[in-house]
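Student: Sharing a structure, written as structure tokens. Questions coming.
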Amino acid sequence: MADKSFAILLFFLLCFSAKAQDPIFSQFYNAPLQLNPAFAGNTYAPKFAVNYRNQWPSLPTAYATYSFSYDQYFNNINSGFGLFILSDDAGKGLLKTNKIGAVYAYRLKLDNDIFAKFGVEAAVVQSRYNWNKFIFPDQLSDESGIITPGGSTLEIAPENEKAGYFDLSMGVMAYTPTVYAGITLKHLNTPDQSILETNNNLQNGLPIRISLHAGAQIGVFEKRNEFYRTFISPSVLYVKQGGFSQIVAGSYFGFNALFLGVYYRHTSSNSDATIFTTGFQKGSFKIGYSFDMTISSLSIRTGGSHEIGIVVNLENSPLFPKESKYNDCFQIFR
């Protein structure tokens, strides 16, 4: 009955969308364009990132999120450009959302070692419901399971099972060689993602998502005055959307080709998870794996969450042999 209960719950959350939330990667540093559009252009050469998140895999109907992005900085116009694709599957086909977006960021030098970046994001989104997978309360019987559909008008499939909309976001960030801080506003136009006409008076569009993030880079060993090969990068991320909020705090430790990370996530209502990260970075290639160990009442029986992040940074590669030097604290994002 677990998958049936999940379908019922998901139906009401999606159709009435009073407290809808965006998917958020635990490895936010390997998906920076999803964190803040101002992160576009953190490398002079092209950088590609692939991210995969599998949440609560032990449940029959879990969540899976995929993303792909490209971004690059162009020094002659002080600007970074990026493109991304995000795909989110909630309930193994109950609701699929695909998003394609373009990102632009402008860098402004405020002082010798102080910079600001301003980013904007424009995207098109399509959400598709699979009505045949939904199970309604009056279809269930404690004795026999699914029964003949009842007379609820909600069980009449809508003429169109998909919704498309335009989505606009922006972000601002300031940084020095050792610290950074930023703010992101997602869904500035509060787009309408509903399908059913019956709930138009119950929701005002997709809620604006506010993200505050900050971090530092503490060098332990510096090689040839280039960049820190060994460093500690503590960070904090606060996200609020509708009636939901969460805070993630922890630290990332890089030691030559290896890195480790430990983070703690607390939601608006309870302690949620401890996040463990490990990975390897060599030359143009970086790969990280993280596991969210659920510590809330859902318990580890959900299977936690698994995430893989892959970054290919073409700087110092045969295609872009010129060595790039930076005066910032963004090594964790490269």
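Student: Take the residues of the range 196-218 that are touching a Phe, Trp or Tyr at 6+ places or on another chain (Cβ under 6 Å) and either at positive phi or buried (at least 17 other Cβ atoms within 10 Å of the Cβ) (or both): which is modelled with the lowest pLDDT?
Tutor: 217
Each row is one residue, and each column tells you yes or no for (1) closer than 18 Å to residue 29 by Cα; (2) modelled with pLDDT under 90; (3) in contact with a Cys (Cβ under 7 Å, 6 or more places away or on another chain); (4) among the polar types (S, T, N, Q).
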residue: 91; (1), (2), (3), (4): no, yes, no, no
residue: 95; (1), (2), (3), (4): no, yes, no, no
residue: 101; (1), (2), (3), (4): no, no, no, no
residue: 112; (1), (2), (3), (4): no, yes, no, yes
residue: 115; (1), (2), (3), (4): no, no, no, no
residue: 124; (1), (2), (3), (4): no, no, no, no
residue: 132; (1), (2), (3), (4): no, yes, no, yes
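Student: Look through the range 39-84, keep the residues that are assigned to a strand (DSSP E or B) and in contact with a His (Cβ under 9 Å, 6 or more places away or on another chain), and return whichever of them is modelled with the lowest pLDDT. First the steps, then the outcome.
Tutor: Narrowing the range 39-84 to residues assigned to a strand (DSSP E or B): 47-55, 63-74, 79-84.
Next, only the ones that are in contact with a His (Cβ under 9 Å, 6 or more places away or on another chain) stay: 52-55.
Details: 52: 96, 53: 94, 54: 92, 55: 82.
Applying the filter and picking the extreme gives 55.
Student: Give me a count of the residues in the range 226-280 that are of a type in the set (D, E, K, R), surrounded by 15 or more Cβ atoms within 10 Å (Cβ to Cβ) and either closer than 21 Å to residue 177 by Cα or in contact with a Gly (Cβ under 8 Å, 6 or more places away or on another chain) (or both).
Tutor: At the first step, the residues of the range 226-280 found to be of a type in the set (D, E, K, R) are 226, 229, 240, 265, 272.
Applying the additional criterion that residues be surrounded by 15 or more Cβ atoms within 10 Å (Cβ to Cβ) yields 229, 240, 265, 272.
Remaining after also requiring either closer than 21 Å to residue 177 by Cα or in contact with a Gly (Cβ under 8 Å, 6 or more places away or on another chain) (or both): 229.
Within the range 226-280, residues that are of a type in the set (D, E, K, R), surrounded by 15 or more Cβ atoms within 10 Å (Cβ to Cβ) and either closer than 21 Å to residue 177 by Cα or in contact with a Gly (Cβ under 8 Å, 6 or more places away or on another chain) (or both) number 1.
Student: Does at least one position in the range 296-315 carry a residue that is without any contact (Cβ under 8 Å) to a residue 60 or more places away in the chain, part of a strand (DSSP E or B) and among the charged types (D, E, K, R)?
Tutor: The first filter runs over the range 296-315 and keeps only residues without any contact (Cβ under 8 Å) to a residue 60 or more places away in the chain, leaving 296-297, 299-300.
The next check asks that each one be part of a strand (DSSP E or B); those that pass are none.
No, the range 296-315 contains no residue that is without any contact (Cβ under 8 Å) to a residue 60 or more places away in the chain, part of a strand (DSSP E or B) and among the charged types (D, E, K, R).
Student: Can you tell me which residue in the range 83-96 is surrounded by the fewest Cβ atoms within 10 Å (Cβ to Cβ), limited to those that are in contact (Cβ under 8 Å) with a residue 24 or more places away in the chain and within 27 Å of residue 182 (Cα to Cα)? Please lay out each step first, then the result.
Tutor: Applying the first criterion (in contact (Cβ under 8 Å) with a residue 24 or more places away in the chain) to the range 83-96 yields 84, 86, 88-96.
With the extra rule that they be within 27 Å of residue 182 (Cα to Cα), the set shrinks to 84, 86, 88.
Numbers: 84: 23, 86: 23, 88: 18.
Taking the candidates together, the pick is 88.
The values are calculated or read from the model by the stated rules, or taken from the named source; none is laboratory data. Only a predicted model underlies this, so the values are computations on that prediction, with no experimental measurement involved. Positions of Cβ are backbone-derived with ideal geometry, glycine not excepted, and every protein chain shown enters the neighbour counts.
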